[in-house]
1. Out of Gly289, Gly250, Gly335, report the one residue that is of a type outside the set (A, V, I, L, M, F, W, C), out of contact with any strand residue (DSSP E or B) (no Cβ under 7 Å at 6 or more places or on another chain) and within 30 Å of Phe18 (Cα to Cα).
2. Mind listing whichever residues of the range 449-470 are within 19 Å of Ser13 (Cβ to Cβ) and in a helix (DSSP H, G or I)?
3. Scan the range 173-193 residue by residue and report those that are more than 16 Å from the ligand (Cβ to nearest atom) and polar (S, T, N, Q).
4. Only residues that are among the acidic types (Asp, Glu) and part of a loop (DSSP other than H, G, I, E, B): list them for the range 391-441, please.
5. Hey, any hits in the range 366-385 for a residue that's on the phi > 0 side of the Ramachandran plot, in a loop (DSSP other than H, G, I, E, B) and not hydroxyl-bearing (Ser, Thr, Tyr)?
6. Just give me the residues in the range 245-266 being in contact (Cβ under 8 Å) with a residue 60 or more places away in the chain and surrounded by fewer than 23 Cβ atoms within 10 Å (Cβ to Cβ), in sequence order.
7. Given the conditions (1) within 25 Å of the chain's Cα centre (by Cα); (2) surrounded by fewer than 19 Cβ atoms within 10 Å (Cβ to Cβ); (3) in contact (Cβ under 8 Å) with a residue 40 or more places away in the chain, which single one is not true for Thr283?
8. From the list Gly160, Gly102, pick out the single residue that is at pLDDT 95 or above, within 21 Å of the chain's Cα centre (by Cα), more than 30 Å from Gln437 (Cα to Cα) and not hydroxyl-bearing (Ser, Thr, Tyr).
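The values are calculated or read from the model by the stated rules, or taken from the named source; none is laboratory data. The shown structure was predicted, so the numbers you read here are calculated from the model rather than taken from an experiment. Glycine gets a Cβ as well: all are built from the backbone with ideal geometry, and neighbour counts include every protein chain shown.
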Amino acid sequence: MSRAMPRDAFHESVSHYFNRAASYSKVDEGLIDQVRCCNSAYRMRFPVRKDDGKITVVEAFRAEHSHHRQPTKGGIRFSPHVTMDETIALAALMTYKCAIVGVPFGGAKGAVCIDPSTSSEGFRERVTRRYTAELIRKNFIGPDIDVPAPDYGTGEREMGWIADTYKNMRMNSGDAYACVTGKPLSMHGIPGRRQATGLGVFYGIRACMENAQDMRALGLAPGVAGKRVIVQGLGNVGYHAAWYLQKEGGALITGIIEREGGIFNADGLDVEEVFRHRQAGRTLLNYPGAENVEGGMALLERECEILVPAALENQITAENAPRVQAKIIAEAANGPVDFEAESILRQRGVLMLPDILMNAGGVTVSYFEWLKNRAGVSFDRMISRHEELVKRELIAAIEGMTGLDMPVEKLPRLVHGPSEEELVVAALEQSMVRAYQRVWKCWKERDLPDLRTAAFLLGLELVAESYRHHGIFP
Ligand code: GLU
């Protein structure tokens, strides 16, 4: 897989998309500037002891893009290639993403310049805790201020360290665990967060493919079932997106791309088995029955119906866009298609499902986790048993009226009260489907060039609307 884009190119893409959307809006120019700009950004350098006892200086960032609502929200990535510029652009995407799915937060993003794949767990823990302490010192973290989450190169473990550091340094804060989301379940995380982004991608693709007219325009039958899918990235997002596309949607995952190369099988790959194969052998390559594709990037150009880039930004550029054969590109990663590639693909009739819509499932479930932490109670606790009792009563009433008995084997499934995970997944599905329909309606009703312009325009207008009522001091 190619590494992240050259400095500034990604920011340029995001600005381009925003400015194009802004040209369709009637929002006051000054207010557009406010919605575009990054409100505050903090660049830090701090010393951390390496495993050999020597000191190294680590560079890190946190950007709070928009304070129109607080807290601000967004992941933290660990990568040796991150820059302040990239962090700011990613924070901007978070602002528009939250607005589109109705998450009442501003956007933020954090980044730490370390390579998680070559550093020890001890080093990563020291870095994470020190980074958290730096954020606390500058008031860049807190349940009402700014709430980080996982992103590229980080996961539950890092979020656990952040929560623990925050809790210990802010000893009297009752809802300290709401300072970060994506935590392990044992540290007040929420079931469903791990798969949320990938599952949201699946719901987004499914919502899109249910529209028979849009599919006809692409020469496709409606529905996900039987469609050929190539996925780039088998990390948390790519894995879960592929898993649900295959297991729930009935799609054929024909290609998977990772850093070390790609694998292809026209008859379909089993995502779960490929994942286990990669874990065991530390490489995707040489999967039984699949063709190895050196470097992997050529797989982006193979024939398929749906391409799911779920790795890094700027993977599809003017260089490879003319050769991409997919009919639909579902952007699970942030910014995988740059603006030059975008115009080439649009001219070629490819339907692009934009990142700020498609990968918004992660922050949606982060919002549920934050709510749960603030309330101090899990979502099922107060309703589950009550729902079961109501359903039992209903069934007894129906049995009484009809004289028929409900088959005993059907009873548990029908009457069981929802688990917290079931509630989370159902609410995620509803958020994604509604967001898709809202963006789609904006695209059609306002005769915009594409879904991305509609998503950015909707994000811009929702943020501007909330600035009109709060956030501007006389
Ligand atoms: N890093 C994820 C994103 O880019 C999740 C952010 C969050 O949950 O706050 O959307």
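1. Gly335
2. Matches in the range 449-470: Leu451, Arg452, Thr453, Ala454, Ala455, Phe456, Leu457, Leu458, Gly459, Leu460.
3. Ser173, Ser186
4. Looking only at the range 391-441, we keep the residues that are among the acidic types (Asp, Glu), and these are 393, 399, 405, 409, 420-422, 429.
Once the filter is applied, which keeps residues that are among the acidic types (Asp, Glu) and part of a loop (DSSP other than H, G, I, E, B), the range 391-441 yields only Asp405.
5. Checking the range 366-385: at least one residue is on the phi > 0 side of the Ramachandran plot, in a loop (DSSP other than H, G, I, E, B) and not hydroxyl-bearing (Ser, Thr, Tyr).
6. The initial filter retains those residues of the range 245-266 that are in contact (Cβ under 8 Å) with a residue 60 or more places away in the chain, namely 245, 257-259.
Scanning the range 245-266 gives Glu258, Arg259.
7. (3)
8. Of the residues listed, the single one that is at pLDDT 95 or above, within 21 Å of the chain's Cα centre (by Cα), more than 30 Å from Gln437 (Cα to Cα) and not hydroxyl-bearing (Ser, Thr, Tyr) is Gly160.
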